[in-house]
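Working notes, structure below.
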């Protein structure tokens, strides 16, 4: 199937404007009828990372959800909403994010991803036994609805990364534990999940995105864009183009390219990329985990040669959600707030993802500061991609 991506402008979250933008973006791909048939059970997979109000840009905006529900219903499909948040239930997070009200008004079910299965036929290339929710297998159509956000570990959380929420509940931290200390390895987990899920349609909420300290505590930034694609990996590549960074700067893109994925060519429609380029978008600082050093050196200089989470005590409310989510139990409660055991910390940054106050930031180690200065993605010529 030809990989296609559409780009349309949408300046506000007004319901009518969003519906118009969604229809335009999907019509450029062949129309909703190309994806949804009468009687199809259609799973809508938003970003429900954490329960914050829509204006914080942490979750997919409720007007996007509303518009997609209306379009699916109009074409005879039966939509339902599902995800596995970092903290709390899908229903609880959806309530705080304004999505539950939309779902109740339109009588659209919200389900919990709490039925893990290892599919017999859907396999990743490297990780063969990733558990996903049974609801994925029961859906006739999957519509992926990510939010355009930064991510401290993967650089950006877009179409491919959003599918990590298809892994039920506490199994997500287990995958962080298995692969989180190695950026490439964790990116491979995400690529394998993408290969397993293969959503029919991905629609990116870029009307207001998140920059800086994402994916939970960054700053909202208006971009006024909706992107849609029949392939999540292709959509992620076009976002890199819009940001003016090499496509392989995004970790999931890089791992996919190494396996020969994402090189088929992409057919663009709608706005031209040069007319909607995003300038001065603040990306998070990423740093290499090991610099290819021998094991005994990496162990001795782990803290110096890697970024690490740090606690900003003036913002901490001592809710202990970071302590509860930490896969290797590298955080413990103390009188002045949580304390890190960096010897056990695997740099998965789950703590930073779930902190409701933005009290956890990412800091490069002293050796990285000394050698390379402030870590950032550099816009260079990239002839390969």
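Determine the percent antiparallel among the DSSP beta bridges restricted to the chain, to the nearest 5. Roughly 55 percent of the beta bridges in the chain run antiparallel, per DSSP.
Mind running the shape call on segment 42-130? Use the C-alpha gyration tensor, a ≥ b ≥ c as the square roots of the eigenvalues: rounded below 1.5 for a/c, prolate if a/b tops b/c, oblate otherwise. Note, shape of segment 42-130 comes out oblate. The separation of segment 203-277 from segment 93-139, counted between C-alpha centres, amounts to 23 Å.
Among 153-165, 196-208, sorting by the average number of other beta carbon atoms lying within 10 angstrom of each residue, highest first, gives 153-165, 196-208. Residue ranges 7-19, 109-121 sort as 7-19, 109-121 when ordered by packing (mean number of other C-beta atoms within 10 Å per residue, highest first). Tell me the label only: which of (1) 134; (2) 146; (3) 197 is volume of the Cα convex hull per residue in Å³ as calculated from this structure? Evaluating volume of the Cα convex hull per residue in Å³ on these atoms matches (1). Say a paramagnetic label sat at a point 7 Å from the Cα of residue 258, along Cα to Cβ; which residues of segment 314-348 have their backbone N under 16 Å from it? No residues fall inside that zone.
Bear in mind that the values in this text are calculations on the coordinates, not laboratory data. None of these values were measured; they are calculated from a predicted model. Note: ideal-geometry Cβ built from the backbone for every residue, glycine included; neighbour counts use all protein chains shown.
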